[in-house]
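The structure appears below as structure tokens.
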Amino acid sequence: MLLFCASARNESFTMLLMNLRTLSARALSGQTVTRTLTTQPITQHPETHKLQDPPTYSGQSYDEVVKLRKQYLTPNVTSYYKKPLLIHKGSGTQLFDQEKSYLDMFGGIVTVSVGHCHPKVNAALEEQLRTLWHTTNIYMHPKLHEYAEKLVAKLPGDLKNVYFVNSGSEANDLAMMIARLYTGNHDIISFRNAYHGASPYTMGLTAHSTWRYSLPNVNSGIHHAMNPDPYTGIWGGKHCRDSPVQTTRSCDCQEGQCKATDMYYEQLEQIFKYSLPRGKVAGMFAESIQGVGGSVQYTKGYIRRAAELVRANGGLFIADEVQSGFGRTGEHYWGFEGHDIVPDIVTMAKGIGNGFPLGAVVTSRKVAEVLSQALHFNTFGGNPLACAVGIAVLDVIDEEELQRNSLEVGTYFLKGLERLRDKHDIIGDVRGKGLMIGVELVADKETRQHLSAPHFVDIWEMCKDMGVLFGRGGLNANVLRIKPPMCVNRTDVDYALAVIDYCCDQYMKKRKRGSRR
């Protein structure tokens with residue numbers, strides 16, 4: 001099993017080098033990518049591997065799929081890129097369409113944790129589907145209980161009771177209900193710029209206008225606190241976040257003391273003073289690092305103080321680990337551990353199943369008992385197939401030391417991106433921990449004005465054409481979201497850095513040519 005990621009990467013870079021050779025000279029301003037990349041001062045070109053043929057695709061044609069998508073899927077189902085990819089195979093850190101391979105630096109929206117089609121996870125699923133697909137938890141079946149024991153062993157304190165669901169939105173839905181039932185209070189706080197789901201219930205927690213429908217009662221009892229963002233927020237700077245890379249923004253904070261945290265905390269207190277019943281709050285939600293919002297980190301010490309304030313007012317603190325859990329942040333297994341807290345409720349999904357529909361809510365027995373007030377049931381929660389996959393994912397993370405890999409390779413990645421930030425005027429900020437990374441592109445480095453969508457897309461599309469897939473995030477959709485499978489290695493990173501370096505350089509040359517016309 002330990003050879004899986006290495007062999008998959010060899011095949012991946014074989015295909016990536018083939019991509020370099022197939023790009024047109026016209027698209028790259030008359031230069032070959034290979035020549036350009038090998039002369040870059042920041043990064044080294046990945047070592048050459050023996051070329052292999054791309055995997056055979058025998059499904060419907062691209063045009064047929066496009067036609068069916070337009071005809072039968074709801075029109076809100078949109079695709080990345082001007083010409084969407086038709087992906088038909090994945091392996092390790094790579095994805096394949098009909099003609100090319102791609103280095104996946106987004107991991108299926110931070111979902112593929114241990115690598116595409118990992119053989120141990122595949123084998124666990126295949127073994128389980130031969131014995132029992134489904135029965136629901138109205139009957140006892142072994143995998144549910146085996147998995148529950150293994151999962152809660154990864155959590156600290158009294159977080160020892162788990163309820164399985166199918167997605168992050170479901171998990172946060174349930175956590176909201178539990179907090180309100182347990183406390184007897186209604187009001188819940190989340191951050192501006194937060195994303196906690198798009199269901200009618202969680203839409204209120206999500207504080208991005210782009211994810212909101214005009215529906216009544218979506219915001220019932222929900223308050224959005226000022227986001228303690230050291231880069232684009234009102235306060236903060238180069239000493240304010242827990243990351244190997246700090247913002248270049250000036251800051252008066254001293255070692256061990258963050259003045260920005262004090263000021264953001266005062267803003268949170270204002271909500272308690274003016275917007276809540278005195279001493280009564282149901283809870284507060286926080287991603288350990290904001291995902292959809294653009295890999296935003298908070299000022300140091302803020303989350304711990306916020307949790308104390310919430311509990312002092314009768315509420316529960318809920319950590320949303322849907323994207324930051326399972327070792328992705330590197331230093332810790334859970335993102336909340338980096339904030340020096342033990343939450344009252346933890347929600348999780350995405351990487352928990354490496355792409356299989358699976359989520360969970362974990363809390364203490366005392367809090368969980370409120371669900372006994374009425375019947376509550378999830379038909380597919382704790383499904384035998386999902387539990388078998390979940391067990392295998394936990395095992396692979398441990399056996400292949402993917403948490404340590406996230407720390408080491410992620411820090412290497414961040415430091416490389418920091419050098420690119422110092423080189424390119426359009427890279428305003430690099431942030432994150434482990435393999436949860438954001439690169440914010442800007443039109444003006446001094447004012448931190450975001451790079452507009454058409455200009456961002458130029459760079460993003462160019463990266464795709466060169467065989468590297470990045471996510472896109474932030475309220476203004478100007479942040480490269482970098483969350484690859486946790487088996488990514490330094491050779492993968494070197495290639496991704498070289499591509500970002502080259503694409504930023506090409507964009508700036510294009511912009512300068514345009515300004516002379």
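With +1 on the Cβ of every Lys and Arg and -1 on the Cβ of every Asp and Glu, and nothing else charged, how large is the dipole of segment 103-150 about its Cα centre, in debye rounded to the nearest 20?
60 debye
Rounded to the nearest 500 deg cm²/dmol, what is the calculated helix-only ellipticity per residue at 222 nm for the chain, with -39500 (n - 2.57) per DSSP H run of length n ≥ 4?
After summing the helix terms and dividing by residue count, I get -11500 deg cm²/dmol.
Please grab the % of Cα pairs in segment 395-446 that end up more than 16 Å from each other.
Percent of Cα pairs beyond 16 Å in segment 395-446: 47.
Could you list the residues of segment 442-468 with an amide nitrogen less than 17 Å from a label point located 7 Å from the Cα of E99 in the Cα-to-C-beta direction?
Hits in segment 442-468 for E99 at 17 Å: 461-468.
Could you go through segment 348-359 in sequence order and give the Karplus-derived ³J(HN,Hα) for each residue, using 6.51 cos²θ - 1.76 cosθ + 1.60 with θ = phi - 60°, rounded to whole Hz, and x for Gly and Pro?
8, 6, 6, x, 4, x, 6, x, 7, x, 7, x
Quick one: if the Förster radius is 51 Å, what FRET efficiency do R513 and E126 give, using the C-beta to C-beta distance and rounding to 0.05?
0.40
Leaving out ligands and nucleic acids, and using a 1.4 Å probe, what accessible area per residue does the chain come to in Å²?
44 Å²
Where the eigenvalues come from the Cα gyration tensor of segment 383-517, what are the semi-axes √(5λ) of the equivalent ellipsoid, largest first, in whole Å?
Here the semi-axes work out to 33, 15, 13 Å.
Could you size up the charge dipole of segment 236-320 around its Cα centre, putting +1 on the beta carbon of Lys and Arg and -1 on that of Asp and Glu, and report it in debye to the nearest 20?
The calculation lands at about 160 debye.
Filter K259/K464; K70/K143; K67/K510; K100/K510; K445/K510 down to the pairs with a C-alpha to C-alpha distance above 30 Å, please.
In this structure, K259/K464; K70/K143; K67/K510 exceed 30 Å between Cα atoms.
Mind checking segment 130-174 for trypsin sites (Lys or Arg not before Pro) that DSSP puts in a loop (not H, G, I, E or B) and that have at most 10 other Cβ atoms within 10 Å?
Loop-located and lightly packed - R130.
For segment 447-517, what does the alpha-carbon gyration tensor say about shape, rounded, prolate or oblate, given a ≥ b ≥ c as the root eigenvalues, a/c under 1.5 as rounded, and a/b over b/c as prolate?
oblate
Each residue of segment 290-296 in order: what ³J(HN,Hα) in whole Hz does its phi give by Karplus 6.51 cos²θ - 1.76 cosθ + 1.60, θ = phi - 60°, with x for Gly and Pro?
5, x, 4, x, x, 6, 7
With just the Cα atoms of the chain, tell me how far they stretch along each of the three principal axes, in Å, largest first.
68, 61, 45
Once amide H atoms are placed 1.01 Å from N in the peptide plane, what residues at a sequence separation of 5 or more from K89, or on another chain, have their amide H within under 5 Å of its amide H?
F96
Give the long-range amide H neighbours of V442: residues separated by 5 or more places, or on another chain, with amide H under 5 Å away, using H modelled in the peptide plane at 1.01 Å from N.
For V442, whose amide H was placed from the backbone, the distant partners under 5 Å are I427, G428, L451.
For segment 119-400, what % of the accessible area comes from carbon and sulfur atoms, probe 1.4 Å?
Carbon with sulfur: 51 percent of the solvent-accessible area.
Tell me, what HN-Hα J-couplings in whole Hz come from the Karplus equation 6.51 cos²θ - 1.76 cosθ + 1.60 at θ = phi - 60° for each residue of segment 418-435, using x for Gly and Pro?
So the J values, rounded to whole Hz, are 4, 5, 5, 4, 6, 8, 10, 5, 7, 8, x, 8, 10, 8, x, 9, x, 9.
List the residues whose amide H sits under 5 Å from the amide H of W334, counting only those 5 or more places along or on another chain, with H placed 1.01 Å from N in the peptide plane.
G327
Please compute the modelled spin-label separation between E401 and E266, points set 7 Å along Cα→Cβ, answer in nm with one decimal.
4.7 nm
Please report the spacing between the Cα centers of segment 461-493 and segment 271-308 in Å, no decimals.
28 Å
Is there a quick way to get the dipole size of segment 119-400? I mean about its Cα centre, with the Cβ of Lys and Arg at +1 and of Asp and Glu at -1; what is the value in debye to the nearest 20?
Using only the charged Cβ atoms, the result is roughly 620 debye.
Full extension from Q254 to I87: what is 0.36 nm times the residue separation minus their Cα-Cα distance, to one decimal in nm?
55.2 nm
Taking only the Cα atoms of segment 119-400, how large is their convex hull per residue, in Å³?
Normalising the Cα hull of segment 119-400 by residue number yields 139 Å³.
Working out 0.36 nm times the residue gap between Q60 and I109, then minus their Cα-Cα distance, what length gain in nm do you get to one decimal?
15.2 nm
Please return the longest range in the chain lying between exposed loop sites, taking chymotrypsin sites (Phe, Trp or Tyr not before Pro), DSSP loop only, at most 11 other beta-carbon atoms within 10 Å, and leaving the sites out.
Value returned for the longest uninterrupted segment is 214-376.
Starting from the Cα-Cα distance between Y139 and R278, subtract it from 0.36 nm times their residue separation and give me the gain in nm to one decimal.
Additional length available on full extension: 45.6 nm.
The values are calculated or read from the model by the stated rules, or taken from the named source; none is laboratory data. The structure displayed is predicted, hence computed values, not measured ones. Note: ideal-geometry Cβ built from the backbone for every residue, glycine included; neighbour counts use all protein chains shown. Quick note on the areas: whole protein, heavy atoms, side chains included, nothing else; ligands and nucleic acids left out. Shrake-Rupley method; radii C 1.70, N 1.55, O 1.52, S 1.80 Å.
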